[in-house]
Amino acid sequence: MGRVVFKKLVNVEEALEALYEHVKPHPLGVEEVEIKEAYGRILGEDVIARIDLPPFSRAILDGYAVRAIDTSFASETNLARLKVIGRIPAGEPPLLEVKEGECIEIDTGAFLPRGTDAVVRVEDTSIDGDEVMIYDSVGKGSGIAAMGSDVYHGQFVMSEGKEITAEKVGVLAGLGYHKVDVLMRPHVAIFSTGNELIEPGEELGASKIYDVNQYSIGALVQKSGCIPIYLGIKKDKIEEIREAVVEGLRCAHVVIMSGGTSAGISDLAYKVFDGLGGPGLIVHGIAAKPGKPTIIAAIGDKPIFGLPGFPVSALVIYDLIVDPFLRVMSGKKDEVRRKLKAKLATRHVSERGRREYLPVFLKHRRKALIAVPILGGSGAIASLSSADGFVEIPENVDLIEKEETVRVDLFSDARSADLIAVGDSSPISQIILEELRRSGEKVRAEFRGLEHGLTWIRDEIADLLVVCRPEGEPILDPSRFPSRLTNLRNFKMKMVWASYDKEIFYPGSTFALPRIGSGLRRYAEDSIRRRVKDFDVIETWSYDAAMDLILNRRATSALLPLYIATKYGVKFIDAFSANVRYLVCDEVLSTRVGKRLLRRIKSKELDLTLSSLQGIS
Ligand code: AMP
Ligand code: MG
């Protein structure tokens, strides 16, 4: 089979329009649920009070029910004396009536007896035989909640279509509702396609990845007010996908699948709808980045959304296309997205003709807010989950300059980072940063090597630079050393060559090494080359990843801190000593997080923790 060419890309609005032409979303009707189940549901009826709330006038404090007029001249020096003719506990009917000069002891919540119009607090009284002495006058209505004062019989309380909050559950209960009509929740069938996918929880075989989309989409479906039905993982086979679509149409109101939608040779999903009934395929391809390979189809009045396989793309397209549709069906109103302005931290080149949704995280730089693009790509679900929001870049914009003001659409949990750490990865950093995190600082660790770190320091994005260099080598070329950096502390870390084999250096060996641009990379590679000519390298972001490669035998050898090699009990020989330096930007030192960092990095506890790790001093 040949490749499919996307002939006509439509934008998001056009895609929704095309869908609505064939299928209009509408609520499914109402069902009755117990109020225990009502939280988060959408009211399917107007609520009009059928009783007063409170249903009778009652005391709101413990004390004495009185005629206010009998206390009118009472003061500390001129006590009013009233005869106590009885007591009314909460929940008891009031049998007594109060006349001039009398009162009744009353509990909070008890029915106010006839003749009385106020309650005097017990603190403003003292007892003298069968009389009570009152130190303060009270006005009519004081200490009382009058019948119907919260809600009166016949009052309009909540309207249909409103989400039932915890407070509203309380109101419903207070008004005596034990069941309530709510909108029915649409069922949404979800499945993933891809021969490479396996279920989380299973063993990760070679060339397999865990299915992300079924679960992230399932969560979003719930957020849109619907019930997900998980149909599982389907192979890239027309018949299997088709069966899943048919199953989805049978058991749900809407079907969402992901993957298999790009114009690649193995991506056949678009063929699935042929012959299932009209209208069939409606949209194939959307002019958005991420998210081009999106399809929309409908069979009868049920829509089928085919989202891109890349997890980030799938979520973005869900947000733009599926969410609005499902929310009409479920009645759940969209959350209002906060927006704010920030300066883009780096220049960004965008593609003309496609609307781009660029995920960013936020950071305060001096007084201004900056937005830093997250460039993990469409596959980087974890990067996306650390985003604070996104910048929408229109079709006709192909470049945003550094420092240009952009509008950020915020996610609900957005919060700007307090400290950004960059540079070389080292096991020490985790120990230093975890305490800052525990004390509530939002720390972003982006240990992507020295080169990347220097760029972020120079662009004033990052605050803390970790430099790992062989002992005796300069930290950095002095001309490249940003002068605003202060060296906070050095640690020494013994490095070893580790292997699962007897031999470490032999022709054809594969080394796990820090990535190019890391402070130890060049030195490490030169040391290997002096011993063996012919070797391969697998680059890793962290020593844990390097260790994994050895344990899985995908690498024969690795450069590791001694402490990690001993922890896992692999064979090793000494390599060299490295210096791990912590350099911080001067401006940060005067901030709260900077002071905390300084205290932590020079603390006795840190020394103590590190002294227990072999080879670190
Ligand atoms: P596709 O749209 O099937 O061409 O997939 C595009 C990319 O996303 C490939 O790298 C897939 O492995 C990946 N991918 C597809 N579906 C999923 C999924 N459910 N979870 C995680 N990654 C996926
Ligand atoms: Mg696929």
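The values are calculated or read from the model by the stated rules, or taken from the named source; none is laboratory data. Predicted model only: the values in this text are computed from it and were never measured. With ideal geometry, Cβ positions are generated from the backbone for all residues, glycine too; neighbour counts draw on all protein chains shown. Please note that ligands, DNA and RNA were not included when accessible areas were found on the heavy atoms of the full protein model with its side chains. Shrake-Rupley method; radii C 1.70, N 1.55, O 1.52, S 1.80 Å.
Key figures
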read-out: Considering residues of the stretch 175-204 that are in contact with a helix residue (DSSP H, G or I) (Cβ under 6 Å, 6 or more places away or on another chain) and small (Gly, Ala, Ser) only, the residue nearest to ligand 2 (Cβ to nearest atom); value: SER192
read-out: Qualifying residue in the stretch 24-40 (condition: buried (at least 17 other Cβ atoms within 10 Å of the Cβ), basic (Lys, Arg) and either in a loop (DSSP other than H, G, I, E, B) or not assigned by TED's automatic domain parsing to the domain that holds ILE104 (or both)); value: no
read-out: Qualifying residue in the stretch 350-358 (condition: surrounded by 17 or more Cβ atoms within 10 Å (Cβ to Cβ), closer than 20 Å to ALA414 by Cα and of a type in the set (A, V, I, L, M)); value: yes
read-out: Any chance LYS367 is outside the structural domain of SER590 (by TED's automatic domain parsing), without any contact (Cβ under 8 Å) to a residue 12 or more places away in the chain and either surrounded by 15 or more Cβ atoms within 10 Å (Cβ to Cβ) or farther than 21 Å from ALA445 by Cβ (or both); value: yes
read-out: In the stretch 298-339, the residues that are in contact with an Asp or Glu (Cβ under 7 Å, 6 or more places away or on another chain) and either without any contact (Cβ under 8 Å) to a residue 60 or more places away in the chain or crowded, with 21+ Cβ neighbours inside 10 Å (or both); value: LYS332
read-out: Residue count for the stretch 559-585, restricted to those that are of a type outside the set (A, V, I, L, M) and in a strand (DSSP E or B); value: 10
read-out: Residues located in the stretch 399-419, provided they are open to solvent by less than 60 Å² (accessible area, probe 1.4 Å) and part of a loop (DSSP other than H, G, I, E, B); value: PHE411, ALA414, SER416, ASP418
read-out: Filter result for ILE295 (open to solvent by less than 10 Å² (accessible area, probe 1.4 Å) and aliphatic (A, V, I, L, M)); value: yes
read-out: Index of the failed condition, GLY453 passing every other in (1) open to solvent by 50 Å² or more (accessible area, probe 1.4 Å); (2) at pLDDT below 95; value: (1)
read-out: Among residues of the stretch 505-531, those that are of a type in the set (A, V, I, L, M, F, W, C), farther than 16 Å from ARG554 by Cα and crowded, with 16+ Cβ neighbours inside 10 Å, counted; value: 3
read-out: Members of the stretch 205-220 that are of a type in the set (A, V, I, L, M, F, W, C) and either within 16 Å of ligand 2 (Cβ to nearest atom) or under 15 Å from the mean Cα position of the chain (by Cα) (or both); value: ILE209, VAL212, ILE217, ALA219, LEU220
read-out: Which numbered condition ILE431 misses (of (1) touching a strand residue (DSSP E or B) at 6+ places or on another chain (Cβ under 8 Å); (2) modelled with pLDDT of 90 or more); value: (1)
read-out: Meets criteria (open to solvent by less than 70 Å² (accessible area, probe 1.4 Å), at positive phi, in contact with a strand residue (DSSP E or B) (Cβ under 7 Å, 6 or more places away or on another chain) and not assigned by TED's automatic domain parsing to the domain that holds ALA297) for GLY44; value: no
read-out: Listing of strands (runs of 3 or more DSSP E) fully contained in the stretch 224-306 that carry 3 or more residues being at pLDDT 95 or above; value: 227-234, 254-258
read-out: Test: residue in the stretch 378-389 that is under 30 Å from ARG338 (Cα atoms), at pLDDT below 90 and among the β-branched types (Val, Ile, Thr); value: yes
read-out: Residues (of a type in the set (D, E, K, R), more than 10 Å from ligand 1 (Cβ to nearest atom) and surrounded by 14 or more Cβ atoms within 10 Å (Cβ to Cβ)) located in the stretch 180-212; value: ASP181, ARG185
read-out: Single match in SER149, SER126, SER137 (criterion: of a type in the set (S, T, N, Q), in contact (Cβ under 8 Å) with a residue 24 or more places away in the chain and surrounded by fewer than 19 Cβ atoms within 10 Å (Cβ to Cβ)); value: SER149
read-out: Search result, residues across the stretch 307-330 that are part of a helix (DSSP H, G or I), within 15 Å of ligand 2 (Cβ to nearest atom) and over 16 Å from ARG355 (Cβ atoms); value: PRO311, ALA314
read-out: Condition met for SER617 (more than 19 Å from VAL422 (Cα to Cα), out of contact with any Cys (no Cβ under 8 Å at 6 or more places or on another chain), outside the structural domain of THR510 (by TED's automatic domain parsing) and open to solvent by 80 Å² or more (accessible area, probe 1.4 Å)); value: yes
read-out: Enumeration of residues in the stretch 458-478 that are modelled with pLDDT of 90 or more and either of a type outside the set (Asp, Glu) or open to solvent by 70 Å² or more (accessible area, probe 1.4 Å) (or both); value: ARG458, ILE461, ALA462, LEU464, LEU465, VAL466, VAL467, CYS468, ARG469, PRO470, GLU471
read-out: Check on SER159, more than 16 Å from ligand 1 (Cβ to nearest atom), under 22 Å from ILE60 (Cβ atoms) and loosely packed, with under 15 Cβ neighbours inside 10 Å; value: no
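One line per residue, one yes/no per condition, for (1) out of contact with any Ser or Thr (no Cβ under 9 Å at 6 or more places or on another chain); (2) in contact (Cβ under 8 Å) with a residue 24 or more places away in the chain; (3) of a type in the set (D, E, K, R); (4) farther than 25 Å from LEU450 by Cβ:
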| residue | (1), (2), (3), (4) |
| --- | --- |
| GLU503 | no, no, yes, yes |
| GLY517 | yes, yes, no, no |
| PHE576 | no, yes, no, no |
| VAL584 | no, yes, no, no |
